[in-house]
Amino acid sequence: MRRFVYTSHPARVVFGAGTAGHLGAEVERLGCSRVLLLTGGTLAAASARVREALGGLLAAEFDGAAMHTPVEVTQRALDVLREASVDGIVAVGGGSTTGLSKALALRTGLPQVVLPTTYAGSEVTPVLGETQDGRKVTRSSPDILPETVIYDVDFTLTLPLPLTVTSGVNALAHAVEALYSADANPVTDRQALDAISRIARALPRLAADPADPEARADLLHAAWLAGTCLATVGMGLHHKLCHTLGGSFDLPHAATHTVLLPHAMAHNAPAVPDVMRRIADALGVPDAPSGVYDLIASLGGPTSLRDLGMPESGLARAAELAVSTPYPNPRELTTEGIAELLAGAWHGRRPEGPPATEAKLARLTEQVVASFAQTPDPRVRTLLSDLVRHLHTFVTAHDVTDAEWQHAIDFLTRTGETCSPTRQEFVLLSDTLGVSSAVDLLTNSRTPHTTPSAVLGPFYVAGPPDTPHGGDISGGLPGTPLWVDARFTDTAGAPVGDAVVDVWQANEDGFYDVQLPDLEGPVLRGRLRTDAEGRITFWSILPSEYPIPEDGPVGQMLKATGRHPFRAPHLHFMVDAPGHHRLVTQLFVSGGAYLDSDTVFGVKDELVVDFAPQTGPTPDGRPVDGEWRRLAYTFRLAPLAG
């Protein structure tokens, strides 16, 4: 059983395009009226927008932030802060500007608003790394965490591609190390994997079009998630090495992260194989360390410490510094092991990953993904790219053979050939694999206080016969009579009139009319319109459990896997009402068979209702001998937005 402790850090995040315009309100929200603005020399456009947004709230400015937050720079900024008698700090820029803001806040207790222009992530962490006398020291405190972070995607649109790559990989490093941190927990695991997946998607898109606003937003979103991971759990070997090399050898922060990450991952991989597998899955590659290296190389990012200016003569000292202080890491740290890691990074060697065949497969995958780079619709581009990655990963992970793949192609071909106007075998396949229910949950289950949706199923036929209120859709077929009295309201309980309601079901033997060629015309189907009270009534028969068609490819799949083909008894509804979202759902007979093992995974607890047994007089005076059933149910419909 996994054990963990989770602590969240309070922070206010404002995310979107043009959000810098909210800066003045956010500063005043913190009770500030005189702020110090920290900027960088290359941020003229962003700084101008921030000055405009601050207006009269701006009291002083300092533009001398430096990498690794040297304490002497902090002291100069502190002098400006005190001379201007400011009561708050606003920082716009990358990790250097954010680091200076945090250093000042630690010393003064002043609130901070940070507007990042890169993907550093430190803006959401209570961690500060400062450099003094050639050593970088890291400390953590709640006083370091900025009170508000404003992510304005517009500030990143002109970020040069080389800096985009290194800053994005810096964020990737936060997410990777969070997954094998000693403090890892389910919340940060999900955030980290989401961040890794977003970064893997966004960076190649930005290489093709650096001004792609959706890709920029995706990468900034990932940086926030990754930074939140960094704030929540402790980091390991990779971050220790980056701080050592940055503080002692003055190497550029993000570029050092970019070079070292694949090598630190490869070093730790034997100790955390499951974590590396999850990272590889999120990246869509067979092997995580070499996959990260290949991603960086494909984007033109740095892959060698030598090219960053690291002297080879300093590697031994760097290894000694890295192991001089104990810190959590999944693999035991030795000077020899770290020296070997650093040597590989200095030379820019690709970490040893999968065999040559798998390496070729990884390159093939990226070639196919790259072929979609010019797809005009970004959603189509993302869906196809991710589909290819997941398919290739599946084929590689299971070493799929020619014969197995041909069998799969034949299965899909036969599935298509089985489809007809009255039978949708592909819908049946989607249903029995649970895909239909998964898409249904994602698409239709995000509005509270409404009736849950359910899968459409393969037997819906458009244009059912119009049925009057109180009419009978059973067509005289045998079965226990069922009286349905349904109301349709909005989320406030107001009736929804003039809604079109299609209903359909199977007979008592478990067959739909389209499966019974001897029947003339549609039965057990109808279309009704709600009255002014949002109500419909009709007669039918009690639904029965039934097997889905077993004479096609889907039935063969169920038999081969030992699964039964039965659906729990239910009645279908499709509701189209003006001003409301369409509702497709099913009501299941309480106490019916297969409620806990419905073969298409369509049962939801909220949709299991009483089809109450009755005897005696019926609501409309229809004579019925013996038992009949009554279904009374109120559907709540979701209004259209706006």
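The values are calculated or read from the model by the stated rules, or taken from the named source; none is laboratory data. As the structure is a prediction and not an experimental result, all values here were calculated from the model. All Cβ positions, glycine included, derive from the backbone under ideal geometry; neighbour counts span all protein chains shown. Keep in mind that these areas ignore ligands, DNA and RNA; they rest on the heavy atoms of the full protein, side chains included. Shrake-Rupley method; radii C 1.70, N 1.55, O 1.52, S 1.80 Å.
Of the residues Phe411, Phe459, the one with the largest accessible area comes first in the ranking Phe411, Phe459, computed with a 1.4 Å probe on protein heavy atoms. Highest mean packing first, where packing is the average number of other Cβ atoms within 10 Å per residue, the peptides 488-494, 256-262, 370-376, 587-593 line up as 256-262, 587-593, 488-494, 370-376.
Choose one of Val461, Gly621, Ala200: the residue whose Cα lies farthest towards the positive end of the charge dipole of the chain (beta-carbon charges +1 Lys, Arg; -1 Asp, Glu; about the Cα centre). Value: Ala200. Our coupling estimate for region 589-596, obtained by passing each phi through the Karplus curve with A = 6.51, B = -1.76, C = 1.60 and θ = phi - 60°, is 6, 4, x, x, 6, 6, 4, 9 Hz, Gly and Pro reported as x.
Think of each Lys and Arg Cβ as +1 and each Asp and Glu Cβ as -1; about the Cα centre, that makes the dipole of region 401-527 roughly 400 debye. Under 5 Å between amide hydrogens, built in the peptide plane, is the criterion, and for Gly93 it picks out Leu115, Thr117 among residues at least 5 positions away or on other chains. Between Ala288, Gly479, Pro639, the Cα set farthest toward the positive side of the dipole of the chain (charges on each charged residue's Cβ, about the Cα centre) is that of Ala288.
Where the only charges are on Cβ atoms (+1 Lys, Arg; -1 Asp, Glu), what is the dipole of the chain about its Cα centre, to the nearest 20 debye?
Details: 49 positive and 73 negative charges, 320 e Å.
Magnitude of the dipole: close to 1540 debye.
What order, most packed first, do the peptides 474-487, 530-543 have when packing is the mean number of other Cβ atoms within 10 Å of each residue?
Working: 474-487: 17.6, 530-543: 20.3.
Highest to lowest by the protection proxy: 530-543, 474-487.
For the set Tyr327, Tyr512, solvent exposure ranked by accessible area (probe 1.4 Å, protein chains only) runs largest to smallest as Tyr327, Tyr512. In degrees between 0 and 90, to the nearest 10, how far off the longest principal axis of the chain does helix 356-370 point, with axes built from Cα atoms? Roughly 80 degrees between the two axes. Between 0 and 90 degrees, the angle of helix 95-108 with respect to the longest Cα principal axis of the chain falls at about 80 degrees.
Taking GluC sites (Glu not before Pro) across region 286-369, the ones in a DSSP loop with at most 14 further Cβ atoms lying within 10 angstrom of their Cβ are Glu332, Glu352. Region 542-620 and region 472-534 have their alpha-carbon centroids 14 Å apart. Under a 5 Å amide H cut-off, with hydrogens placed 1.01 Å from N, Gly471 pairs with Trp539 among residues at least 5 apart or on other chains.
Could you sort 571-577, 282-288 so that the peptide with the highest average Cβ count within 10 Å comes first and the rest follow in order?
Working: 571-577: 21.6, 282-288: 25.3.
In decreasing order of mean packing, 571-577, 282-288 become 282-288, 571-577.
So which lysines pass the test for Lys102, namely a Cα distance under 18 Å, with those fewer than 8 places away in the same chain ruled out? Excluding near neighbours in sequence, the set is Lys136. Each part gets one Cα centre, and for region 180-238 versus region 277-314 those centres are 16 Å apart. Across the accessible surface of region 217-275, with the other protein chains kept in place and a 1.4 Å probe, carbon and sulfur atoms take up 61 percent.
If you roll a 1.4 Å probe over the heavy atoms of the protein chains, what accessible area per residue do you get for region 589-642, in Å²?
Details: 3120 Å² over 54 residues.
Each residue of region 589-642 exposes 58 Å² on average to a 1.4 Å probe.
The aspartates and glutamates whose alpha-carbon is closer than 20 Å to the alpha-carbon of Lys360, local same-chain residues fewer than 8 away aside, are Asp281, Asp287, Asp294, Glu352, Asp386, Asp399, Asp402. Rounded to whole numbers, the Karplus 3J(HN,Hα) couplings from phi for region 296-311 are 4, 4, 5, 8, x, x, x, 10, 9, 5, 4, 6, 8, x, 6, x Hz, using 6.51 cos²θ - 1.76 cosθ + 1.60 with θ = phi - 60°, and x at Gly and Pro.
From helices alone, the chain scores -13000 deg cm²/dmol at 222 nm; the rule is -39500 (n - 2.57) for each run of n ≥ 4 DSSP H residues, then divide by the residue total. For Lys604, give me every one of the lysines with a C-alpha distance below 16 angstrom, ignoring sequence neighbours fewer than eight places off in its own chain. Qualifying lysines at Cα under 16 Å: none.
Using a simple charge model, +1 on the beta-carbon of Lys and Arg, -1 on the beta-carbon of Asp and Glu, nothing else, what dipole does region 1-118 show about its Cα centre, in debye to the nearest 20?
540 debye
Amide H contacts of Arg567 (H built 1.01 Å from N, in plane; Pro and chain starts excluded): Tyr546, Ile548, Thr599 sit under 5 Å, all sequence-distant by 5 or more or on other chains.
Between helix 253-268 and the chain there is an angle of about 70 degrees, using the helix long axis and the longest principal axis of the Cα atoms.
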